[in-house]
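The values are calculated or read from the model by the stated rules, or taken from the named source; none is laboratory data. Here the structure is a predicted model, which is why all the values come from computation and not from measurement. When we count neighbours, we look across all protein chains shown, and the Cβ atoms used for this are built from the backbone with ideal geometry, even at glycine. Quick note on the areas: whole protein, heavy atoms, side chains included, nothing else; ligands and nucleic acids left out. Shrake-Rupley method; radii C 1.70, N 1.55, O 1.52, S 1.80 Å.
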Amino acid sequence: YQGHFSWEKYLKETGATAAPSSCFKQSPTPPLNEFKVGMKLEAQDPRNTTSTCIATVVGLTGSRLRLRLDGSDNKNDFWRLVDSSEIQPIGSCEKSGGMLQPPLGFRLNASSWPMFLLKTLNGAEMAPSRIFHKEPPAPEQNSFQVGMKLEAVDRKNPHFICPATVGALRGVEVLVTFDGWRGAFDYYCRYDSRDIFPVGWCSLTGDNLQPPGTKAVLPKSLGTPTEGSVETPAMNPTPTVGRPPGQRGRKPGRRKTKITGPWSQ
Ligand code: MLY
């Protein structure tokens, strides 16, 4: 589901190009999501990655699962692709000689973990191993280029996937900048991160792609040196009347102006 956002129009308007799918550690065709709400599986605890825990599928979105660790609260849900190496069928941990651990912030006394584990698995619907997919291989190197467009998970709001632009490169890392959000949600990640996807991913998985934000970024010539300026000129309406030279730069106070895009369908 794309809402009213059209990549085709947006790429034309911004004069930008989409990062080729060969840049990403993602399957060329998104993996089929056959999980069901309520199914249980094993997952690495995102807050304590050396622990393997029991998780329940509490939601489905495209090729991703919304997971909640059994014995945890509902404030720490996390999202994983169905071909993530961080999830596995129940029994995998024991097979490899490991022991299932309570999640960080287990809501009961640690001594009640063994009994809790028995009860949580008793009569549970366990996700069958055939619906887990093998993690795709990583590309050999970082082949992103500054300015390329992509779809990326907003890590502060990980249920959102949004239009983004490569803002910078730093070795194996990529600066993911969210279009129309003036830097507030940007992050560096490895080029083979599972949180970045080629343009068109959400329309293939049926995931909901957010439209770009509406916060204008001032052109480089008008912004302060620290201000983001990675968006293309087409995105940055230049004021028709400028302030006299010497008084240039950002006016004090919060800029209220919102822009609406020409990229709507
Ligand atoms: N209510 C939040 C959500 C922001 C989401 C930004 N993402 C999509 C880049 C806010 O306005 O801060």
From 151, 135, 125, 173, residue being acidic (Asp, Glu) and in contact with a Leu (Cβ under 8 Å, 6 or more places away or on another chain)
151
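Do any strands (runs of 3 or more DSSP E) entirely within segment 89-202 hold 1 or more residues that are out of contact with any Cys (no Cβ under 8 Å at 6 or more places or on another chain), more than 16 Å from the ligand (Cβ to nearest atom) and within 24 Å of residue 63 (Cβ to Cβ), and if so, which?
By residue number, 187-190.
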Within segment 136-157, track down each residue that is open to solvent by less than 30 Å² (accessible area, probe 1.4 Å) and under 25 Å from residue 13 (Cβ atoms).
144, 147, 148, 149, 150, 151, 152, 153, 154
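Just name the residue that is farthest from residue 62 (Cα to Cα) out of those in segment 203-221 that are hydrophobic (A, V, I, L, M, F, W, C) and modelled with pLDDT of 90 or more. Write out each step before concluding.
First pass over segment 203-221, keeping only residues hydrophobic (A, V, I, L, M, F, W, C): 204, 209, 216-218.
Cutting the leftovers down to modelled with pLDDT of 90 or more gives us 204, 209.
Details: 204: 8, 209: 10 Å.
Step by step, filter segment 203-221, then rank; the result is 209.
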Among the residues of segment 203-216, which ones are within 20 Å of residue 157 (Cβ to Cβ) and part of a loop (DSSP other than H, G, I, E, B)?
206, 207, 208, 210, 211, 212, 213, 214
Which numbered condition residue 126 fails, given (1) in contact with a helix residue (DSSP H, G or I) (Cβ under 9 Å, 6 or more places away or on another chain); (2) surrounded by fewer than 16 Cβ atoms within 10 Å (Cβ to Cβ); (3) hydrophobic (A, V, I, L, M, F, W, C)
(1)
Select, from 24, 35, the only residue that is closer than 18 Å to residue 126 by Cβ, aromatic (Phe, Trp, Tyr) and crowded, with 20+ Cβ neighbours inside 10 Å.
35
Between a residue in segment 119-135 that is touching a residue at least 24 places away in the same chain (Cβ under 8 Å) and under 13 Å from residue 81 (Cβ atoms) and any residue that is assigned to a loop (DSSP other than H, G, I, E, B) and open to solvent by 50 Å² or more (accessible area, probe 1.4 Å), which pairs come within a Cβ distance under 6 Å, given they are 6 or more apart or on different chains?
131/34; 135/85
When restricted to 40, 95, the only residue at pLDDT 95 or above, exposed (fewer than 14 other Cβ atoms within 10 Å of the Cβ) and either more than 17 Å from the chain's Cα centre (by Cα) or over 23 Å from residue 193 (Cα atoms) (or both) is 95
Between a first residue in segment 181-199 that is open to solvent by 40 Å² or more (accessible area, probe 1.4 Å) and a second residue that is within 13 Å of the ligand (Cβ to nearest atom) and polar (S, T, N, Q), which pairs have beta carbons less than 6 Å apart while being 6 or more apart in sequence or on different chains?
186/177
